[in-house]
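Shown next, in structure tokens, is the structure this report addresses.
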Amino acid sequence: MTIKDNAGGARVKDLQHIKKVLSIAGSDCSGGAGIQADLKTIQAHGIYGMSVITSVTAQNTTGVYGVCDMSPEFVGKQMDVVFEDIAPDAVKIGMVSSKDIIREISSKLKKYQPRFIVEDPVMVSTSGCMLMENDAKDMLISELFAIADVITPNMNEAEVLSGISIKDKEDMVKAAEVISKTAKAAILIKGGHMTDCADDLLYVNGEIHWLRAKKVKNDNTHGTGCTLSSAIACELALGKPLLRAVTDAKKYVYDAISAGLNLGAGSGPLWHQFPI
Ligand SMILES: Nc1ncnc2c1ncn2[C@@H]1O[C@H](COP(=O)(O)OP(=O)(O)OP(=O)(O)O)[C@@H](O)[C@H]1O
Ligand SMILES: [Mg+2]
């Protein structure tokens, strides 16, 4: 069976060679962010998606109303059974709320060594709910930044990680320089929270690439960060070089916001399925 063009434009010739992407993240029962957004994104890219759930959240478009973490052991067990059976080509890591869960994920990834790791340092939800314990930041840096290929903080997370208050694009560059000292990875500081544009900064080994985009006038942006990081994992799994992968993933998010889905009473989800 042949699959038609996927979101990245690549063609999957036959299912024997289908790419596989694993999302390690929290569950969003309203379907717009977390694991659910990741699996929809992976599906839209013509890739086989898998999930390791770190936490179950009770949230919808208006906010996060509860968080129930998995035990670290059970996160590790999910990773074992996935990797021992269907090894992913790329892994995306999203919400990891505690030091013990971070330690467990890091130890399993060091054991199984997936080709690509995209780390989205989810700290606070857009609605202001803390999604990572305060003391987990250092562990995130020492354990996950050390093995990731790309790290994707938004502007608030980049401020926390760098200690720099970000007011303009120059500050984004300064923050990327500071964060790069703690990571071997490329750093993508997302500009989705800017008022006049949605330019992202990709910082790779001291090189600066501005990925420019107009700001789509649509308040339904629940899960943009999750969607972007899983789309990057997909594009890397499909074999694209980093800059191309991030550029195409950003275009996917842009188009998924532009599609104009309008669900829920708050900031609603994207239309992930638009390419299908
Ligand atoms: N209104 C918009 N128009 C165009 N692009 C946008 C818009 N909002 C966000 N983006 C893009 O979406 C991607 C995710 O950025 P954002 O800053 O929203 O991440 P985030 O804050 O981590 O998201 P989340 O709230 O899901 O955690 C970036 O590429 C950003 O430029
Ligand atoms: Mg985010």
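Some points to look at:
- All positions within segment 135-157 that are of a type in the set (D, E, K, R) and surrounded by fewer than 19 Cβ atoms within 10 Å (Cβ to Cβ): D135, K137, D138
- Residue-level check: of (1) among the polar types (S, T, N, Q); (2) outside any helix (DSSP H, G or I); (3) within 16 Å of ligand 1 (Cβ to nearest atom), S165 misses just (3).
- Among the residues of segment 243-276, those that are small (G, A, S), over 17 Å from A33 (Cβ atoms) and surrounded by fewer than 19 Cβ atoms within 10 Å (Cβ to Cβ) comprise S258, G260.
- Subset of segment 107-124 that is within 15 Å of ligand 2 (Cβ to nearest atom) and surrounded by 19 or more Cβ atoms within 10 Å (Cβ to Cβ) - its residue that is farthest from C234 (Cα to Cα): M123
- Filter result for the condition that a residue is part of a loop (DSSP other than H, G, I, E, B), among the charged types (D, E, K, R) and either over 19 Å from the mean Cα position of the chain (by Cα) or crowded, with 23+ Cβ neighbours inside 10 Å (or both), over K215, K174, K184, K240: K215
To keep it simple, each residue is scored yes or no on (1) among the hydroxyl-bearing types (S, T, Y); (2) part of a helix (DSSP H, G or I); (3) free of Cβ contacts under 8 Å to residues at least 24 places away in the same chain; (4) touching an Asp or Glu at 6+ places or on another chain (Cβ under 9 Å).
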{"site": "T41", "(1), (2), (3), (4)": "yes, yes, no, no"}
{"site": "G76", "(1), (2), (3), (4)": "no, yes, no, yes"}
{"site": "M79", "(1), (2), (3), (4)": "no, yes, no, yes"}
{"site": "I102", "(1), (2), (3), (4)": "no, yes, no, yes"}
{"site": "S106", "(1), (2), (3), (4)": "yes, yes, no, yes"}
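- Residues located in segment 205-240, provided they are more than 30 Å from A265 (Cβ to Cβ), within 10 Å of ligand 1 (Cβ to nearest atom) and out of contact with any helix residue (DSSP H, G or I) (no Cβ under 6 Å at 6 or more places or on another chain): R212
Any read-out appearing in this document is the output of simple, stated calculations on the displayed coordinates, not a laboratory observation. Predicted model only: the values in this text are computed from it and were never measured. Positions of Cβ are generated from backbone atoms using ideal geometry, with glycine treated the same way; all protein chains shown enter the neighbour counts.
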